[in-house]
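The numbers here are math on the coordinates, done by the rules we state, and not lab data. The structure displayed is predicted, hence computed values, not measured ones. Cβ placement follows ideal geometry from the backbone for every residue including glycine, while neighbour counts extend to all protein chains displayed.
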Amino acid sequence: MPEYTLKLRRYDPESGQAPYWQEFKVDLAGHHSVLEGILDARARLDGSIGIRCSCRAAICGSCGVRINGQPGLACHTHLDKALKTARDGAIEVEPMGNMPVVKDLIVDMEAVHWKKIQRVTPWLIAKEPVPEREYIVPHEAMVDVTQSMACIQCGACVSDCLSMEVDPLFIGPAALAKAYRFVGDPRDDQQFERLNDLAEDPHGMYDCTHCFECVDACPKGVNPMGQIMRLRRRAGGDHHIDDRNNGHRHEVAFTKNIRRNGILHEPDLLADSYGGKFNPRAIPVLLKSLPVILRALVRGKATPGKALLHTHKAPKDVKRIYSQIEDREERFELNLYVTGYDEEETEKADEPAAASEGEGQPSAPGAEVGR
Ligand code: SF4
Ligand code: SF4
Ligand code: FES
């Protein structure tokens, strides 16, 4: 039986001691989970190790930790797999980030995660009149929210959200994914109100910086960042919500900037987000940003010539891509959770001999959801 070394981050607030690392050796086969390793160490070596768990099957979301610096579920990570990313042969397990530590590997999810989930009204507000029997919902609409419904509330995405690290008040990836679950549900009566609320909140949907950390962190493929982008498209694109945080205008300015230049031309971005250099709304913002602009000039990051007299030369291909997307009559939302492809069929289609007509076609509708 192989021996694995678990290096656990220990912390007991009642002891008055600072956090420290402690190593434990466990004799378990590699297919056992990190959680089983921790429970084994607790049973045999130190009964005071603090870890929260319940289902041991990646369902309840209670065993979220960081393993070798990456957030994940302890019950869903095999020891042999964890060893591959371990430094010096020891699998490091520490509590999740962005949440206060209660003891050892247990964080206080109530203080951050659950509070934010409550913030987004996580229940359906049914449309009236309520039908006598069940609501009939289009299949595509349910496919569209399936991904957000897969969340098990483990907090792994919250743990590594970079925006939350900077702004602890940011509603965050898990709660915003939850919000989309109801915004995208045609039975909900408050789509506009929900979107308006999340767009107008200074710590709302426009606080996400697209860092992809939550996408990588999520053990259930929820793609919280993708759900946030869906919220934004619905708010700005469908409901034309022009939020006071300038989030939607900034997004539009960014898209136009790339369309015109091919790559981002930073000096235009700030002013364009407020309606252009000569828009009265942009002047106070530009004045406020003068120290940053001056620093950029001093360091040669921007020159007056490039900033003011820049010619816009996006390559033809960039313009073509924009036209193709913008000329579509419908918006397409890719749902990468429900791929719509039968895995076996797709594998066969990848084999040259099996590349016959019809193979690899979506086995169920909903690979793409038109809006
Ligand atoms: S993509 Fe957005 S929500 Fe996700 S971790 Fe990054 S900042 Fe947070
Ligand atoms: S979105 Fe994923 S990582 Fe975030 S709480 Fe839900 S299941 Fe966990
Ligand atoms: S113990 Fe339930 S998800 Fe790990």
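Relative contact order for the range 249-326: what percent, with Cα pairs under 8 Å and sequence separation of 6 or more? Contact order relative to length: 34 percent.
In this structure, the residue pairs whose Cα-Cα separation is over 22 Å, taken from 116/256; 256/277; 178/256; 127/178, are 116/256; 178/256.
Beyond 40 Å, what percent of the Cα pairs of the chain remain? For the chain, the fraction of Cα-Cα distances above 40 Å is 31 percent.
Residues 329, 140, arranged from fewest to most other Cβ atoms within 10 angstrom of their Cβ, appear as 329, 140.
Across the range 197-203, coupling constants 3J(HN,Hα) worked out from phi with the 6.51/-1.76/1.60 Karplus curve, θ = phi - 60°, read 4, 6, 7, 6, 5, x, 10 Hz, and Gly and Pro carry x. Rounded to the nearest 10 degrees, the angle from helix 139-149 to the longest Cα principal axis of the chain is 50 degrees. Listed by chain and number, the lysines placed with their C-alpha closer than 21 angstrom to that of residue 81 are 7, 25, 220; residues fewer than eight positions away on the same chain are left out. Take 111-121, 44-54 and order them by the average number of nearby Cβ atoms within 10 Å per residue, most first; the result is 111-121, 44-54. From its DSSP helices (H runs of at least four residues, each -39,500 (n - 2.57)), the chain gives a residue-normalised ellipticity at 222 nm of -10500 deg cm²/dmol. Applying both filters, DSSP loop and at most 15 other Cβ atoms within 10 Å, to the chymotrypsin sites (Phe, Trp or Tyr not before Pro) of the range 125-195 gives 135. With both labels modelled 7 Å from their Cα along Cα-to-Cβ, the residue 319 to residue 209 distance reads 3.4 nm. For residue 10, the residues whose amide H sits under 5 Å from its own are 20, 21, 22, ignoring neighbours fewer than 5 places away on the same chain, with H placed 1.01 Å from N.
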